[in-house]
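The values are calculated or read from the model by the stated rules, or taken from the named source; none is laboratory data. This is a predicted model, so every value here is computed, not measured. Counting neighbours? That spans all protein chains shown, and the Cβs are built from the backbone with ideal geometry, glycine included. Protein only, heavy atoms only, side chains kept; ligands, DNA and RNA dropped before computing areas. Shrake-Rupley method; radii C 1.70, N 1.55, O 1.52, S 1.80 Å.
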Amino acid sequence: MGVNPIEPFRFITMSVNQGTGPVTIKLDLKNFDMKGLSNMEIKEVTNDWKTMIIKAHLKQLDCEGDYSIEGKVLVLPISGTGKCSIVVKGVDIVATLKFSEVEKGGKNYFHVDSFETDITPTRSIFNFQNLFNGDKALGDNMNLFLNENHEEIVRELKPAISKGMSAGFIHLSNQVLSRINAKDIK
């Protein structure tokens, strides 16, 4: 069907930009793979084909790729470029999709206009290699600091993470929906 794979789900590029509050960072990710989405447990779905709300749970999501980061986390500066891995465990997810109906070739199809995600992990484990131009002591301490303060960091970054992931999930959703006539779904 010409649909990108969900396992792993790859973001060629994704940006997480948080400009205010205790966490102000510009994080650019490239070739960022998310592994574990195929194990998602759907808890509840409501849908009227204007708005769909999906509540789900993931035991674990493993992410890795290339990164570039600049900014501050709580009171500490952070900078670096290299490889990263992020593991999130016990993730509760609420995804809200907004739809419109479009006509193409005399047929109607649903189109995802927006895809917002609210993620709440019980644990997040960050590993950014080559922080502070490869200063191992500073990099190890920053990774330790990030992992010890994961709850506050994720809480502060939620809106920026949702916005960053939105484009990839909209694209995948519309790849699927553009191949199925709306009347065959209703």
Value of [θ]222 nm, deg cm²/dmol, for the chain, DSSP H segments ≥ 4, -39500 (n - 2.57) each, nearest 500
-8000 deg cm²/dmol
GNM result for the chain, Cα springs below 10 Å: residue of Val88, Val112, Val176 fluctuating most strongly
Val176
Cα lying deepest toward the dipole's positive end in the chain, options Gln60, Ile125, Asn174, charges on Cβ:
Asn174
Heavy-atom accessible area of the stretch 6-142 with neighbours in place, 1.4 angstrom probe: carbon+sulfur share in percent works out to 53 percent
Report the gain in length on full extension from Ser114 to His57: 0.36 nm times residue separation, minus Cα-Cα distance, nm rounded to one decimal.
18.4 nm
Set the Förster radius R0 to 35 Å, insert the Cβ-Cβ distance between Glu101 and Ser68 as r into 1/(1 + (r/R0)^6), and round the FRET efficiency to 0.05.
0.35
With a Förster radius of 41 Å, plug the Cβ-Cβ distance of Ser178 and Lys136 into 1/(1 + (r/R0)^6) and report the FRET value to the nearest 0.05.
0.30
Please report the relative contact order for the chain, taking Cα pairs under 8 Å with a sequence separation of at least 6, and give it as a percent rounded to a whole number.
20 percent
Residue by residue, what Karplus-based ³J(HN,Hα) values in Hz, rounded to whole numbers, does the stretch 142-155 have, using 6.51, -1.76 and 1.60 with θ = phi - 60° and x for Gly and Pro?
5, 4, 4, 4, 4, 6, 6, 10, 4, 4, 5, 5, 5, 4
At what distance in nm do the modelled label points of Thr13 and Leu144 sit from each other, each positioned 7 Å from its Cα along Cα→Cβ?
3.6 nm
The simple spin-label model distance between Ile125 and Val45, using points 7 Å out along Cα→Cβ, in nm, is 3.2 nm
Put a dot 7 Å past each Cα toward the Cβ at Lys30 and Val94; how far apart are the dots in nm?
3.7 nm
If the convex hull of the alpha-carbon atoms of the stretch 61-186 is projected onto planes in all directions, what is the mean projected area in square nanometres?
9.2 nm²
Taking a probe of 1.4 Å, how large is the accessible area per residue of the chain, in Å²?
55 Å²
